[in-house]
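A short worksheet on the structure shown next.
Bear in mind that the values in this text are calculations on the coordinates, not laboratory data. Every value quoted in this text rests on a predicted model; they were computed, and no experiment measured them. Don't worry about glycine lacking a Cβ; one is built from the backbone with ideal geometry, like all the others, and counts go over all protein chains shown.
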Amino acid sequence: MNTRTPPLGGLAAPAAPGGDGFWTELDRAQRAALEAAARPRNYPARAPLCYQGEDSDHIIVIRSGWAKVTSTTPDGHEVVLAVRGPGDLVCESAVLGSRHRSATVTALTPVRGLVVPAGRFTAFLDAHPGVWRLVSGTFVRRLDDADRRVRANVSAQGARRLAMLLAHLAELSAAYAPPSADGSVDIGPPLSQEELGSWMDASRETVARALAVLRRAGLVRTGRRRITVVAPGALRAFARDPAG
């Protein structure tokens, strides 16, 4: 079983950006059975893995790469709900609930996935009952993550709210790519300022100002769709500080 990083010192964190660990939680026999039921598929960056509102006919396990989960409001506004990465299960809730998909999943980077038709996935779960509990646990964690996101957006503003999100993303990214020799961590998912703003319920301008604060404090470095957390511990401390 993998070990999940706890929230920042009890601080309400934004919705967890992936890291559900579905694939890593499976044993060798379960992985082999799921691979036998799946077909591998590669998705280029910006390609959709599934669409909001479509019929549910498959699930996907991300084997490498990053994807974002978004929902479109009735007025056409796209809201970032989460980021999913290596090992995560996506496009699954509609399949298991026999309903239309409630969100769109889009590749942020090239994604290599295992695509499992809905019927084969439910048959796999029936043949491996223990995995049902794993899937249920994934649902519960994601609901908890959504609740923490709401509380975080109420309890913090501006630079502190962004620091909470970036610290969490840094923890996730470090699980898949070791920190640099100086301890800095490159954020894996290449999110734009607009996407970060959508995720934390803020404008792009608010994100730009918050990034400027964090850069001046020596906590992050930025480039085009690239953010490096220079000092993860200091960033977590900033996120916990109500004066941040």
Would you mind pulling out the separation of the Cα centroids of the stretch 34-88 and the stretch 214-242, in Å? 28
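By how many nm would the segment from ALA208 to ALA29 grow when fully extended, if each residue of separation counts as 0.36 nm and the alpha-carbon distance is taken off?
59.7 nm
For the ranges 227-234, 72-79, what's the packing order if you count other beta-carbon atoms within 10 Å of each residue, average per peptide, and put the highest first? Don't jump to the answer; show the numbers that get you there.
Details: 227-234: 18.6, 72-79: 9.5.
So the order, starting with the most tightly packed, is 227-234, 72-79.
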Residues listed by number, the stretch 36-55, amide nitrogen under 19 Å from HIS128 label point at 7 Å toward C-beta: 36-41
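Looking at the stretch 182-233, which trypsin sites (Lys or Arg not before Pro) are in a loop (DSSP not H, G, I, E or B) and have at most 15 other Cβ atoms within 10 Å?
Numbers: sites: ARG204, ARG209, ARG215, ARG216, ARG221, ARG224, ARG225, ARG226; in loops: ARG224, ARG225.
Answer by residue number: ARG224, ARG225.
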At what distance in nm do the modelled label points of GLU78 and GLU54 sit from each other, each positioned 7 Å from its Cα along Cα→Cβ? 1.5
Assign unit charges at the C-beta atoms only (+1 for Lys and Arg, -1 for Asp and Glu), then state the dipole size of the stretch 41-125 relative to its Cα centre in Debye, rounded to the nearest 20. 340
Say the dipole of the stretch 35-136 comes from +1 at the beta carbon of Lys and Arg and -1 at that of Asp and Glu; which of PRO40, CYS50, VAL83 then lies farthest toward its positive end? PRO40
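Do any trypsin sites (Lys or Arg not before Pro) in the stretch 22-66 lie in a DSSP loop with no more than 14 other beta carbon atoms within 10 Å, and if so, which? Intermediate results must be reported in sequence, preceding the final value.
Numbers: sites: ARG28, ARG31, ARG41, ARG46, ARG63; in loops: ARG46.
Of the trypsin sites (Lys or Arg not before Pro), the ones in loops of the stretch 22-66 whose Cβ has at most 14 other Cβ atoms within 10 Å are ARG46.
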